[in-house]
């Protein structure tokens with residue numbers, strides 16, 4: 001199945017402003033190379049709020065950008081206009097279908113069902129017990145030294161080991177998996193993105209074939225079994241589902257944990273509250289997910305639409321930066337602050353989760 005990926009020559013260059021794009025809505029914004037003058041990617045995202053609510057950048061082939069929570073919510077709800085078929089900007093940069101991420105409703109549900117059995121309440125509860133035990137083990141190893149390099153010694157171990165258990169892949173290959181996943185997500189050129197994706201696809205293709213022939217009680221075996229589903233449309237679906245779960249398990253959680261640990265390291269008052277009031281830990285976790293929203297996904301515009309003084313046309317792309325919506329001061333008072341007592345609110349979730357998450361006060 002390794003032939004399901006091939007570079008399609010996406011356009012990373014700047015392009016001229018189309019006639020229908022108002023000059024007042026044009027910004028110079030490259031989400032792949034944000035302005036890190038303040039050494040903070042979230043400060044770079046917040047700068048988007050200084051301009052119109054809907055903007056257009058000539059970077060990466062030219063695309064629209066929404067940064068306010070109400071507009072991101074609107075885009076996420078209107079799959080009839082903003083399709084998930086293309087989720088990366090520029091178009092063609094990731095020529096691998098990744099169901100259910102790259103499939104719009106109602107077909108989305110058939111692929112989502114493949115994953116659902118592995119994330120029932122009982123399975124998640126069992127995983128939580130294992131995650132806690134592994135976390136304690138890793139911390140006890142660090143304790144005698146009184147310090148650690150968090151990313152290498154924790155964030156790239158705990159969630160990755162948990163993920164490898166779900167898919168039954170060898171823990172001994174953890175470092176290689178991390179290099180492929182981080183190399184793909186962090187690549188700043190198409191050659192790097194293709195190189196790492198090709199390695200991931202080649203590896204997972206072999207595993208899928210093996211699990212189809214000799215299935216086990218793991219998520220990759222369930223994905224491999226999709227070949228026998230009457231709705232099966234080709235091996236690209238299998239490898240896409242496997243790649244999606246691979247990237248989510250290897251990279252996303254590690255990044256969120258790292259941002260959270262970084263904040264706690266610099267804010268002893270937050271650490272003290274978590275020690276003294278362990279009952280607020282669930283609220284604190286939700287607040288960190290809000291504060292450090294990670295995804296920057298794209299949508300393909302499939303129908304002409306007008307909003308807030310701009311007209312968007314079919315075939316154009318629009319960027320949906322969750323991190324910017326999390327910093328929207330129209331929705332959140334002092335959005336840069338991590339507030340464990342933040343009033344009840346809804347906020348936008350990451351791909352693969354519900355669009356909105358709500359926590360109790």
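Please treat every number below as a calculation from the coordinates, not as lab data. Predicted model, so just to flag it, every value in this text is computed and none were measured. As a convention, Cβ positions derive from the backbone with ideal geometry for all residues, glycine included, and neighbour counts pool all protein chains shown.
Describe numerically, in nm with one decimal, the distance between label points set 7 Å from Cα along Cα→Cβ at residue 108 and at residue 232.
Simple spin-label model gives 2.6 nm for this pair.
Over what distance in Å are the Cα centres of the stretch 227-267 and the stretch 124-191 separated?
So the separation of the two Cα centres works out to 13 Å.
Once you put a point 7 Å from the Cα of residue 70 and another 7 Å from the Cα of residue 258, both along the Cβ direction, what distance in nm separates them?
3.6
Could you sort 96-103, 171-178 so that the peptide with the highest average Cβ count within 10 Å comes first and the rest follow in order?
On the way: 96-103: 21.2, 171-178: 14.1.
Result, highest mean Cβ count within 10 Å first: 96-103, 171-178.
At residue 139 and residue 33, where each label point lies 7 Å from the Cα along Cα→Cβ, what is the point-to-point distance in nanometres?
Computed distance between label sites residue 139 and residue 33 equals 4.2 nm.
How large is the Kirkwood hydrodynamic radius of the chain, in angstrom, based on all distinct alpha carbon pairs?
Details: mean 1/r = 0.0457 Å⁻¹.
Here the Kirkwood hydrodynamic radius works out to 21.9 Å.
How big is the C-alpha Rg of the stretch 107-266 next to the rule-of-thumb value 2.2 N^0.38 Å, as a ratio? Please report the intermediate quantities before stating the final value.
Numbers: Rg = 17.0 Å, N = 160, 2.2 N^0.38 = 15.1 Å.
Here the answer is 1.12, to two decimals.
Remind me, relative contact order of the stretch 107-266 in percent, using alpha carbon pairs under 8 angstrom and six or more residues apart?
On the way: 112 pairs, mean separation 43.8, N = 160.
So the answer I get is 27 percent.
For residue 340 and residue 14, calculate 0.36 nm times their separation in residues minus their Cα-Cα distance, and state this gained length in nm to one decimal.
Details: separation 326, 0.36 × 326 = 117.36 nm, distance 4.17 nm.
So the chain would gain 113.2 nm between residue 340 and residue 14.
What FRET efficiency comes out for residue 26 versus residue 333 if R0 is 22 angstrom and r is the Cβ-Cβ distance? Round to the nearest 0.05.
Values: r = 31 Å, r/R0 = 1.39.
Given R0 = 22 Å and the Cβ-Cβ separation, E is 0.10.
By how many nm would the segment from residue 213 to residue 307 grow when fully extended, if each residue of separation counts as 0.36 nm and the alpha-carbon distance is taken off? Please report the intermediate quantities before stating the final value.
Working: separation 94, 0.36 × 94 = 33.84 nm, distance 5.14 nm.
Going from the current span to full extension adds 28.7 nm.
Ranked highest first by average number of other Cβ atoms within 10 Å, how do 328-335, 282-289, 122-129 line up?
Working: 328-335: 15.2, 282-289: 17.6, 122-129: 10.8.
The packing order, highest mean first, is 282-289, 328-335, 122-129.
Of the DSSP beta bridges with both residues in the chain, give the percent that are antiparallel, rounding to the nearest 5. Intermediate values should be presented prior to the final figure.
Working: 17 of 20 bridges.
For the chain, the DSSP antiparallel bridge percentage is about 85.
Taking the highest mean first, how do the peptides 106-117, 74-85 order by number of other beta carbon atoms within 10 angstrom per residue?
Top to bottom by mean Cβ count within 10 Å: 74-85, 106-117.
Largest first and in whole Å, what are the equivalent-ellipsoid semi-axes of the stretch 239-333 based on the Cα gyration tensor, each being the root of 5 times an eigenvalue? Working shown, then result.
Numbers: eigenvalues 231, 81, 19 Å².
Output for the stretch 239-333: semi-axes of 34, 20, 10 Å.
So what is Rg over Rh here for the stretch 1-135, counting just Cα atoms and using Kirkwood for Rh? List each step's numbers first, then the result.
Details: Rg = 19.3 Å, Rh = 18.2 Å.
Taking Rg over the Kirkwood Rh, I get 1.06.
Could you calculate the FRET efficiency of residue 271 with residue 152 from 1/(1 + (r/R0)^6), where r is the beta carbon distance between them and R0 is 30 Å, rounded to 0.05?
Details: r = 21 Å, r/R0 = 0.71.
Rounded to the nearest 0.05, the efficiency is 0.90.
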